[in-house]
Structure formats: C-alpha cells, structure tokens
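Nothing in this text is a laboratory measurement; each read-out follows from the coordinates by a stated rule. What you see is a predicted model, and the numbers here were worked out from it, not measured in a lab. A quick note on method: Cβ atoms are made from the backbone with ideal geometry, for glycine too, and the neighbour counts reach across all protein chains shown.
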Amino acid sequence: MKVKKAVVPVAGLGTRFLPATKAIPKEMLTVVDRPTIQYIVEEVVASGIKEVVLVTSAGKAAIENHFDYSFELETYLAQKGKFDLLREVRNISRLINVVSVRQKEPLGLGHAVMVSETVVGNEPFVVVLGDDLVDSDVPCVYQMLKVFERLDESIVAVQKVPLKEAHRYGIVEGEEIEPGVYRIERLIEKPAPGTARSDLAIIGRYCLRPEVYGCLRRTLPGIGGEIQLTDALDTLRKERALYAYEFNGRRFDAGDKLGYLQATVTFALEHQEVGGPFKAFLKGLAKNF
Ligand code: G1P
C-alpha cells in the first residue's frame with residue numbers, strides 16, 4: 001500500500017533552546033534562510049508525500065501559518081513587483097496539505113504518534129522528527145519508502161553512534177540480513193550509560209504499518225514516565241517483523257545547540273547564494289586557529 005501521509009510531531013516545548021524558544025516554536029528557528037520545519041517538509045515532499053499531519057500543542061500556530069497562504073504578504077509582494085519572493089512564499093504553502101491534531105498533554109513521542117490515528121487510519125505512514133535534519137543526495141524518507149515497498153514491514157532509520165553516546169537514543173539490536181538492513185530482535189529506549197549492546201541508534205525517521213497504533217495503545221509509560229514509540233515498536237517486532245535501515249546521509253540534531261550550528265554551517269556551505277562567500281569567510285577564520 002502506498003504511503004501517503006507523514007506524521008510530524010511538533011508539540012515539544014523546546015526547552016534545550018530557551019530563551020530563544022520562549023515565544024516561538026523551536027521548529028521555526030532558522031537554518032540559513034528557512035525554519036527547520038521547512039527542511040523536514042521539503043524532505044517529505046521530495047519523497048512523494050503531500051499530506052502532513054502535524055501533532056501540535058498550544059503556541060505552535062506559527063508553524064501552521066508558515067504552510068498556509070498569507071493573503072496580505074502575497075498581495076504586498078505582488079504590488080511591489082517582487083515576483084521572486086512571491087514565488088518563494090507561495091511554493092511553501094503549495095508544497096503540502098497540512099492537517100493538525102492536538103496532543104493535549106505532553107505524554108511522550110509514542111502518545112504524539114498515537115493521536116495521529118484519527119487522521120491516518122488504517123494506512124502505512126511515515127513519522128519524521130523535526131529535530132533530526134538529514135543532509136543527503138537522496139532524501140532519507142525516500143530511501144526508507146523504497147525499503148518499505150520491498151519488505152512490506154515497518155522500518156526505523158538507524159545510524160551507528162559511538163557506544164558512549166548510546167544512552168541518548170533508542171537502540172536496536174538485530175541481525176544484518178542484507179547490507180544496511182537489519183531484522184530487529186530488540187529495542188531499548190535510552191539504555192543506561194554503559195549497558196548498550198549495539199551501536200545502532202534510531203534516528204527520527206520511521207515508516208510504520210498501521211498495526212503500530214494497536215501496540216501504542218497497549219504501551220505503558222516507560223523511561224521518563226512517557227509513552228515511548230520505541231517501546232511500542234518492541235511490541236510490534238514481536239507481533240510482526242520490524243527492520244532497521246542504515247540510511248545514506250549525514251544527520252544533525254538540530255534540537256541541540258552544537259548540532260544546530262553544524263547543520264547551519266553545512267547547509268550554508270551548500271547554499272546557492274551564500275555558499276561561496278561563506279566558504280571564503282570560514283577559510284579566513286580558520287587561518288586564525
Ligand atoms: C527520540 C526517540 C529516540 C531516537 C531519537 C532520535 O528521542 O525516542 O528513540 O533515538 O528521537 O533523535 P528524543 O531525542 O526525542 O528524546
């Protein structure tokens with residue numbers, strides 16, 4: 001069955017970026033010239049998906065507005081003859097159809113995905129986490145859809161991380177059945193430091209069969225007292241198969257200050273307009289180190 005919808009949880013408070021995120025959603029923080037959420041939506045659209053289900057909370061209206069038409073702004077730009085900017089602004093809202101559902105309480109990522117069921121229903125779907133920006137030639141979601149088409153079972157994106165960092169991630173253990181594809185035998189959300197038996201960390205991209213909703217409903221609060229998607233996936237792998245896919249690309253944790261800076265520098269260097277001069281600037285800076 002074709003995957004038509006992407007669920008993007010955006011209800012988090014963004015405490016790692018305070019005070020910047022006191023009055024604006026963390027998903028609206030800019031990397032070069034676009035808010036981080038636009039990178040996510042562009043990856044989804046480039047993968048052939050046009051329906052995005054935002055799982056929101058109070059104070060996130062700016063994200064919905066960003067993907068909506070802005071009559072006043074568009075009229076102004078048209079009147080001023082700023083057609084390049086007009087095209088740019090219109091393209092953002094033309095990219096996707098957005099549906100929002102509210103996560104009324106911050107009960108965890110698993111809970112956020114669970115509330116999307118009313119919109120997604122009995123179809124496979126992808127989940128894309130806004131903190132994980134991926135720089136790749138082929139969009140990460142597209143890579144996952146290709147594997148999903150072949151295996152017809154749920155897939156999580158993974159990357160190898162240093163074992164000493166494993167406690168920051170959901171970790172999967174499994175057997176490599178073909179290069180970069182693992183049949184998952186166990187998942188653990190944020191194992192205690194020093195206890196992880198695998199270096200395969202879940203990165204925020206999932207392609208899930210709808211059976212996951214039943215698993216989520218049966219999932220009790222886990223680490224941090226939250227309903228963890230990883231715990232529901234551990235039930236799913238027992239009831240059906242579940243695979244991990246080591247995607248091609250570089251991932252940045254844009255929810256973390258250092259990761260955000262690394263993403264900014266990387267995307268700035270690739271930027272059509274400022275990439276060249278920015279590279280020259282960095283070279284000048286490097287001379288002083
Ligand atoms: C979430 C998931 C975790 C995953 C991580 C990737 O954790 O629960 O399994 O490894 O995203 O970014 P969070 O970073 O939201 O705590």
Open item on the list: Please list 3J(HN,Hα) in residue order for segment 212-227, calculated via the Karplus relation 6.51 cos²θ - 1.76 cosθ + 1.60 where θ = phi - 60°; whole Hz, with x for glycine and proline.
Closed with: 4, 4, x, 5, 4, 4, 9, 8, 8, x, x, 4, x, x, 10, 7
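Report the antiparallel proportion of the DSSP beta bridges in segment 1-139 as a percent, rounded to a multiple of 5. Intermediate values should be presented prior to the final figure.
Details: 2 of 16 bridges.
Taking every DSSP beta bridge within segment 1-139, about 10 percent pair in antiparallel fashion.
What trypsin sites (Lys or Arg not before Pro) does segment 189-219 have in DSSP loop regions with at most 15 other beta carbons within 10 Å?
Passing sites in segment 189-219 are ARG197, ARG218.
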- [ ] Rounded to the nearest 10 degrees, what's the angle between the helix 83-94 long axis and the longest principal axis of the chain, both from Cα atoms, 0 to 90?
- [x] 20 degrees
Task: Per DSSP, loop trypsin sites (Lys or Arg not before Pro) in segment 43-93 with at most 16 further Cβ within 10 Å - done: LYS50, LYS80, LYS82
Task: Environment charge of PRO19, counting only residues whose C-beta is closer than 13 Å and scoring Lys/Arg +1, Asp/Glu -1 - done: +4
Task: segment 63-107: relative contact order in percent, alpha carbon pairs under 8 Å with at least 6 residues between - done: 48 percent
Open item on the list: Angle check, please: helix 140-151 long axis (alpha carbons) against the longest principal axis of the chain (alpha carbons), in degrees 0 to 90, nearest 10.
Closed with: 30 degrees
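Relative contact order for the chain: what percent, with Cα pairs under 8 Å and sequence separation of 6 or more? Kindly include the intermediate steps, with their values, before the conclusion.
On the way: 528 pairs, mean separation 62.2, N = 289.
Reported as a whole number, the value is 22 percent.
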Task: Set of lysines near LYS4 by C-alpha distance (under 21 Å), chain-local residues within fewer than 8 positions excluded - done: LYS50, LYS146
Open item on the list: Using each residue's phi in segment 17-27, evaluate 6.51 cos²θ - 1.76 cosθ + 1.60 at θ = phi - 60° and report the 3J(HN,Hα) Karplus result to the nearest Hz, with x for Gly and Pro.
Closed with: 10, 5, x, 4, 9, 5, 10, 10, x, 4, 5
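State, to one decimal in nm², a quarter of the convex hull surface area for the C-alpha atoms of the chain, i.e. the direction-averaged projected area.
On the way: hull surface 68.1 nm².
The number I arrive at for the chain is 17.0 nm².
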Open item on the list: With θ taken as phi - 60° and the coefficients 6.51, -1.76 and 1.60, list the Karplus ³J(HN,Hα) couplings across segment 154-169 in order, rounded to whole Hz; mark glycine and proline as x.
Closed with: 5, 9, 10, 7, 9, 9, 6, 10, x, 3, 5, 9, 4, 5, 8, 10
Task: Angle in degrees between helix 257-269 and the longest Cα principal axis of the chain, rounded to the nearest 10 - done: 50 degrees
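DSSP beta bridges in the chain, what fraction antiparallel, as a percent rounded to 5? Provide the component values of the computation, followed by the final result.
Details: 28 of 47 bridges.
Beta bridges within the chain, antiparallel portion: roughly 60 percent.
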Task: Average Cα contact separation per residue, segment 199-284, under 8 Å, 6 or more apart, as relative contact order % - done: 14 percent
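If you scale each eigenvalue of the Cα gyration tensor by 5 and take the root, what three semi-axes come out for segment 1-101, rounded to whole angstrom and sorted largest first?
Values: eigenvalues 105, 77, 28 Å².
With the √(5λ) rule applied to segment 1-101, the semi-axes are 23, 20, 12 Å.
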TODO: Using amide H atoms built 1.01 Å from N in the peptide plane, name the residues 5+ places from ARG102, or on other chains, whose amide H lies under 5 Å from its own.
DONE: THR56
Open item on the list: Roughly how far apart, in whole Å, are the Cα centres of segment 1-34 and segment 111-137?
Closed with: 13 Å
